[in-house]
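The values are calculated or read from the model by the stated rules, or taken from the named source; none is laboratory data. Predicted, not measured: the structure shown is a model, and the values here were computed from it. FYI the Cβ positions are ideal-geometry reconstructions off the backbone, even for glycines, and counts take in every protein chain you see. The area values use the complete protein model at the heavy-atom level, side chains included, leaving out ligands, DNA and RNA. Shrake-Rupley method; radii C 1.70, N 1.55, O 1.52, S 1.80 Å.
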Amino acid sequence: MSDAEKAKKNKKINKMTVQELDKAIETTVKEMGSLNSRYGRELQKRKEAINSKVK
């Protein structure tokens, strides 16, 4: 695994953009089947927080 792939994989949720959050949510649903994991729930909470600040 190259350094670029490793850095991308380890990016913190609170540093992600909306597009990165969408991609992470999509990947999580695809690989885990749902967003019931703690990671999935945290992704959703962060996306909601960003969207509430924008409005």
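Kindly indicate whether E48 is part of a helix (DSSP H, G or I) and under 10 Å from the mean Cα position of the chain (by Cα).
No: the conditions fail for E48.
Do you know which residues across region 25-46 are open to solvent by less than 60 Å² (accessible area, probe 1.4 Å) and under 16 Å from K11 (Cα atoms)?
Residues satisfying the conditions are I25, T28, G40, L43.
What are the pairs with Cβ atoms under 8 angstrom where one residue, in region 29-55, is touching a residue at least 12 places away in the same chain (Cβ under 8 Å) and among the charged types (D, E, K, R) and the other, located anywhere, is open to solvent by 80 Å² or more (accessible area, probe 1.4 Å) and part of a helix (DSSP H, G or I)? Sequence gap at least six, or different chains.
From region 29-55, the pairs are R46/N14.
Just checking, how many residues over region 1-29 are outside any helix (DSSP H, G or I), over 8 Å from the mean Cα position of the chain (by Cα), modelled with pLDDT of 90 or more and closer than 14 Å to Y39 by Cα?
1
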